[in-house]
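Following: one structure in structure tokens, then a few remarks.
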Amino acid sequence: MREGYEGTGPGAITPDGCAVELYSRLPVRDEPDVIAAAVPAGARILELGSGVGRMTHALLERGFRVTAVDESAEMLERVRGARTICSPIEDLDLGEKFDVVLLASFLVHAGDAEVRRGLLRTCVRHVAGGGSVLIQREGEDYHTNVPRERVDPSGFTVRIVSSEPVGDGVNSVRAEYEFPDAAWTQTFRARPLTEEQFEEALGETGLRVDQYLTEDRTWVRAVPGGLGGRGA
């Protein structure tokens, strides 16, 4: 288990505190539609941190060709219909280029800034010329609107119980997931990033914002290159 990360509940727990069985139960939301609207039809997608394939399967159904990467073999065992690669993201070097590189699940907010740089360098290393990197950011109030609770229409409850500073601009976040027949918790470290800090983080690794894709600005299309305009 990585330092500062922990998970409880039935089944296998990954090094970052994610429970395989939990993520197999979580429904996909509107993320595949956001992605499909932002990239060419039939694009080759490198999905970094695919987990059990919640988005992978939805993207395959929409006609995309997906290579799913995760550091957990237990997670990848649940992926169907995609090429899978078991590797830490920051170490990945496939010697290939993809139309789209996908970095979702708030991975860009890794507590360790060097890990974040490694994740973004992997994105740059694998994106084709003329391609794009799609990144999912935390919402503005992710660390301030705490505690909060959401009851999913499918019948489970998710709570962000706390987000407490642990030093160097990093917070320890605790989440709870309660189903009628089981419960899980996950504790992880996250670094809040203002929009300016986020764009600076991209610039460190040779990326720039091309367009914010959603009204809440949590989904971003980035491209390699220097300074340039951005969409609203």
| message | Given the options Met75, Ile85, Ala175, identify the residue whose Cα lies farthest towards the positive end of the charge dipole of the chain (+1 on Cβ of Lys, Arg; -1 on Cβ of Asp, Glu). | response | Ile85
| query | How large is ³J(HN,Hα) for each residue in the range 29-42, as worked out from phi by the Karplus curve 6.51 cos²θ - 1.76 cosθ + 1.60 (θ = phi - 60°), to whole Hz, x for Gly and Pro? | reply | 9, 8, 4, x, 5, 4, 5, 4, 6, 9, 9, x, 4, x
| Using a Gaussian network model of the chain with C-alpha springs under 10 Å, which one of Pro180, Pro27, Pro15 is most mobile by mean-square fluctuation? | Pro180
| Karplus (6.51, -1.76, 1.60) ³J(HN,Hα), θ = phi - 60°, over the range 152-157, in Hz, Gly and Pro reported as x | 6, x, 7, x, 10, 10
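How many percent of DSSP beta bridges within the range 1-152 run antiparallel, rounded to 5?
Working: 1 of 19 bridges.
If I count the DSSP bridges inside the range 1-152, around 5 percent turn out antiparallel.
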| request: Could you order Asp152, Asp216, Asp210 by accessible surface area, starting with the largest, using a probe radius of 1.4 Å? | output: Asp216, Asp210, Asp152
| field | Hypothetical label at Arg117: residues of the range 198-215 whose amide nitrogen lies under 13 Å (7 Å Cα-Cβ projection) | value | 201-206
| request: Within the range 140-160, find all residues whose amide N lies under 13 Å from a label point positioned 7 Å from the Cα of Arg29 along Cα-to-beta-carbon. | output: 140-142, 149-154, 158-160
| message | Suppose we flag GluC sites (Glu not before Pro) only when DSSP calls them loop and at most 10 other Cβ atoms lie within 10 Å. Which is the longest uninterrupted stretch of the chain? | response | 4-214
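Roll a 1.4 angstrom probe over the protein heavy atoms and tell me the percent of accessible area of the chain that is carbon or sulfur.
On the way: 5060 of 10790 Å².
Answer for the chain: carbon and sulfur cover 47 percent of the accessible area.
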| message | Explain nothing, just compute: Karplus ³J(HN,Hα) = 6.51 cos²θ - 1.76 cosθ + 1.60, θ = phi - 60°, for every residue of the range 84-98 in order, whole Hz, x for Gly and Pro. | response | 10, 9, 8, 6, x, 4, 5, 9, 6, 8, 7, x, 10, 10, 10
| How far is it, in nm, from the label point at Ala36 to the one at Ala73 when both lie 7 Å from their Cα along the line to the Cβ? | 3.4 nm
| said: Can you compute the helix-only [θ] at 222 nm over the chain? Use -39500 (n - 2.57) per DSSP H run of at least 4 residues, normalise by all residues, nearest 500 deg cm²/dmol. | reply: -6000 deg cm²/dmol
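Could you estimate the translational diffusion coefficient of the range 96-161 from the Stokes-Einstein equation, with Rh from the Kirkwood formula over C-alpha pairs, at 4 °C and 1.567 mPa s, in whole µm²/s? Walk me through the intermediate numbers first.
Working: Rh = 14.1 Å.
Estimated diffusion coefficient is 92 µm²/s.
Probe of 1.4 angstrom, ligands and nucleic acids ignored: what's the accessible area per residue over the range 128-232, in square angstrom?
On the way: 5380 Å² over 105 residues.
Value returned for the range 128-232: 51 Å² of accessible area per residue.
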| Can you give the accessible area per residue of the range 65-118, in Å², using a 1.4 Å probe? | 44 Å²
| query | Suppose R0 equals 30 Å; then what is the FRET efficiency for Glu215 and Thr194 from their Cβ-Cβ distance, rounded to the nearest 0.05? | reply | 0.95
| remark: Reported to the nearest 10 Å², Thr205 has, with a 1.4 Å probe, an accessible area equal to 20 Å²
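Which values, in whole Å and largest first, are the semi-axes of the equivalent ellipsoid of the range 95-210 obtained as the square root of 5 times each eigenvalue of the Cα gyration tensor?
Details: eigenvalues 174, 64, 29 Å².
Working through the eigenvalues yields semi-axes of 30, 18, 12 Å.
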| task | Please work out the Cα center distance from the range 45-69 to the range 78-152, rounded to the nearest Å. | result | 12 Å
| Selection from Val146, Pro15, Leu102 lying farthest towards where the dipole of the range 1-155 points positive, charges on Cβ | Leu102
| Can you give the three extents of the C-alpha atoms in the chain along their principal axes, from longest to shortest, in whole Å? | 47, 40, 32
| query | Which longest run of the chain has no exposed loop site in it, a site being trypsin sites (Lys or Arg not before Pro) in a DSSP loop with at most 16 other beta carbons within 10 Å, and the site itself not part of the run? | reply | 98-216
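The values are calculated or read from the model by the stated rules, or taken from the named source; none is laboratory data. This one's a predicted model, so the numbers in the text were calculated from it and none came from an experiment. Every residue, glycine as well, gets a Cβ built from its backbone with ideal geometry; the counts of neighbours run over all protein chains shown. The accessibility values were calculated without ligands, DNA or RNA, using every heavy atom of the protein model including side chains. Shrake-Rupley method; radii C 1.70, N 1.55, O 1.52, S 1.80 Å.
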